[in-house]
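The numbers here are math on the coordinates, done by the rules we state, and not lab data. Note that this is a predicted model, so its numbers are computed, not measured. Note: ideal-geometry Cβ built from the backbone for every residue, glycine included; neighbour counts use all protein chains shown.
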Amino acid sequence: MTTAREHHSVSVAAAVVDDAGRLLVIRRRDNGRWEPPGGVLEMTESITEGVVREVREETGLTIEPVRLTGVYKNMVLGVVAIMFQGRVVGGSIATSDETARVEWWTPEEVATGMDPAYAIRMLDAVRENAEPAVRAHDGVNLLPNGSPL
């Protein structure tokens, strides 16, 4: 019999950037952590449809994915996260059943206010002229082999 850890899960998330260079962040209701908006990709949707849906569900905002910025693997849970940079094209900020807070943070606030495994996703997304990052983490911290290729 196969256990849950023998299968991967795919998630999608976005580093949504405003005109001032700030990043959209959420505080999750279930664990209180600050993270980029995102979640599990559904079987019947495309990757970009999933990231648009997840951001809308968690923040009230409709985004347009601009570019792929990285792929990240939680080595403990087997979750592969696909990260995009995005821009707002509609909606208004609102919390949800999943989000206790939705805020705009500077890159400096992201670097100090999020666990490293999530902060790096946001910071990779705003690096200029950067190729997509490929990193691994344990759910909180980056792993030594998790640096950009």
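Relative contact order of the chain, taken over Cα pairs closer than 8 Å and 6 or more residues apart, is 27 percent.
Modelled spin-label separation between Arg127 and Thr95, with each label point placed 7 Å from Cα along the Cα-to-Cβ direction: 3.4 nm. Within segment 4-146, DSSP assigns beta bridges of which about 65% are antiparallel (rounded to the nearest 5). Full extension of the chain between Trp104 and Glu6 gives 31.6 nm of extra length, using 0.36 nm per residue less the Cα-Cα distance.
Going by average Cβ density within 10 Å per residue, which order do the peptides 54-64, 25-35, 119-129 take, highest to lowest? Display every interim value, and only then the final one.
Working: 54-64: 20.7, 25-35: 15.5, 119-129: 19.0.
Descending packing order for the listed peptides: 54-64, 119-129, 25-35.
Could you give the size of the charge dipole of the chain about its Cα centre, using +1 on the Cβ of each K and R and -1 on the Cβ of each D and E, expressed in debye and rounded to the nearest 20? Write down the numbers at each step before the final one.
Values: 15 positive and 22 negative charges, 42 e Å.
Rounded to the nearest 20 debye, it is 200 debye.
What number do you get for segment 4-146 when its Cα radius of gyration is normalised by 2.2 N^0.38 Å, N = residues? Please list the in-between numbers first.
Working: Rg = 13.9 Å, N = 143, 2.2 N^0.38 = 14.5 Å.
Ratio of Rg to 2.2 N^0.38 Å for segment 4-146: 0.96.
Length gained on full extension, Met75 to Glu45, computed as 0.36 nm times the residue gap minus the Cα-Cα distance: 8.3 nm.
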